[in-house]
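The values are calculated or read from the model by the stated rules, or taken from the named source; none is laboratory data. For clarity, every value in this text was computed on a predicted model and none was experimentally measured. Here the Cβ is made from the backbone with ideal geometry for all residues, glycine too, and neighbour counts use every protein chain on show. Only protein heavy atoms, including side chains, enter the accessible area calculation; ligands, DNA and RNA are left aside. Shrake-Rupley method; radii C 1.70, N 1.55, O 1.52, S 1.80 Å.
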Amino acid sequence: SGALPTTAVSRPTKRARAAKSTEAKAGHRGKGGKMKAEAVAEQRYSDMRCYPLMVAAAYGTVSITITLFNKAIFSVYNFKFPMVLFVAQMSFSLLFVQSMKYANP
């Protein structure tokens, strides 16, 4: 007779799901202005859109800096032990990378 069954469950629309997702990402604020813990997502550098550009810029800067540093060590200070410098730089790099791994897992 044209009546809808009472057991039918309507699914949320695409727009409603998108709004709920956006609200969760933004961190929904409850009473008192405090953010709900389950709605707050941890922001990571690798999730940023410009992350590959930042990595490339950092690599280029470090590469140029280390080249200029090596040139100064060998020419200005007349350093005669290139393998010592190489091992020191690799050791520092290893320690730095490991410390960054623990800083932002």
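Data overview
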| quantity | calculated |
| --- | --- |
| Pairs with Cβ under 8 Å, 6+ apart, first in region 52-81 and more than 18 Å from Ser93 (Cβ to Cβ), second surrounded by 10 or more Cβ atoms within 10 Å (Cβ to Cβ) | Met54/Tyr45; Met54/Met48; Phe74/Pro82; Phe79/Ile73; Phe79/Leu85 |
| Cross-chain or 6+ apart pairs with Cβ under 7 Å, region 86-105 first and farther than 21 Å from Met48 by Cβ, then at pLDDT 85 or above and not hydroxyl-bearing (Ser, Thr, Tyr) | Gln89/Ile66 |
| Matching residues in region 71-91 - criterion: being in a helix (DSSP H, G or I) and exposed (fewer than 11 other Cβ atoms within 10 Å of the Cβ) | Lys71, Ser75, Met83, Val84, Met90, Ser91 |
| Matching residues in region 41-70 - criterion: being open to solvent by 90 Å² or more (accessible area, probe 1.4 Å) and at pLDDT 90 or above | Leu53, Tyr59, Val62, Ile64, Leu68, Phe69 |
